[in-house]
1. Summing +1 for each Lys or Arg and -1 for each Asp or Glu, what net charge is found among the other residues whose Cβ lies under 13 Å from the Cβ of His9?
2. Around Gly66, under 13 Å between beta carbons, what's the net of Lys plus Arg minus Asp minus Glu among the other residues?
3. Please compute the net charge surrounding Gly18, taking Lys and Arg as +1 and Asp and Glu as -1 over other residues with Cβ under 13 Å from its Cβ.
4. Could you do me a favour and compute the accessible area per residue for the chain, 1.4 Å probe, result in Å²?
5. When the dipole is taken about the Cα centre of the chain, and only Lys, Arg (+1) and Asp, Glu (-1) are charged at their Cβ, what size is it in debye, to the nearest 20?
6. Using a 1.4 Å probe on the protein chains only, how many percent of the accessible area of the chain belongs to carbon and sulfur?
7. Taking square-rooted eigenvalues a ≥ b ≥ c of the alpha carbon gyration tensor, is the chain rounded, prolate or oblate, where a/c under 1.5 means rounded and, failing that, a/b exceeding b/c means prolate?
8. Sorted by packing (mean other beta-carbon atoms within 10 Å per residue), highest first, where do 56-64, 8-16 land?
Amino acid sequence: MTHQIDITHKRLLLAAQGYSELGLPELALAELDLLPDSLQTAPIAIESRLSVLMQAKRWPEALQIGRDLC
């Protein structure tokens with residue numbers, strides 16, 4: 001499936017990355033939650049969420065997301 005990511009959604013991904021880099025995983029996840037359902041399954045969104053969950057040491061959720069990615 002092809003995922004079209006427009007500028008608004010790219011900004012959400014960048015904001016999530018920024019919050020993650022600042023050590024604010026809950027704010028990063030909140031930004032990722034703002035992505036529309038159609039983009040929640042885009043590899044970049046899944047990878048971003050996985051990274052943030054691992055940073056937050058939320059291992060059970062990270063494991064499930066990791067499995068979904070494979």
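The values are calculated or read from the model by the stated rules, or taken from the named source; none is laboratory data. Just so you know, these numbers come straight off a predicted model, no measurement behind them. Glycine also receives a Cβ, built like all others from the backbone with ideal geometry; neighbour counts cover every protein chain displayed. Side chains included, ligands, DNA and RNA excluded: accessible areas come from the protein's heavy atoms. Shrake-Rupley method; radii C 1.70, N 1.55, O 1.52, S 1.80 Å.
1. Values: positive: Lys10, Arg11; negative: Asp6, Glu31, Asp33, Asp37.
Value of the local net charge: -2.
2. The answer is 0.
3. Counting the neighbours of Gly18, the net charge comes to 0.
4. Heavy-atom accessible area per residue stands at 67 Å².
5. Taking the Cα centre of the chain as origin, the dipole is about 140 debye.
6. Numbers: 2760 of 4700 Å².
Solvent-exposed carbon and sulfur of the chain make up 59 percent of the total.
7. Oblate shape, in that a/c is at least 1.5 and b/c is the bigger or equal ratio.
8. Ranking, from highest mean packing down: 8-16, 56-64.
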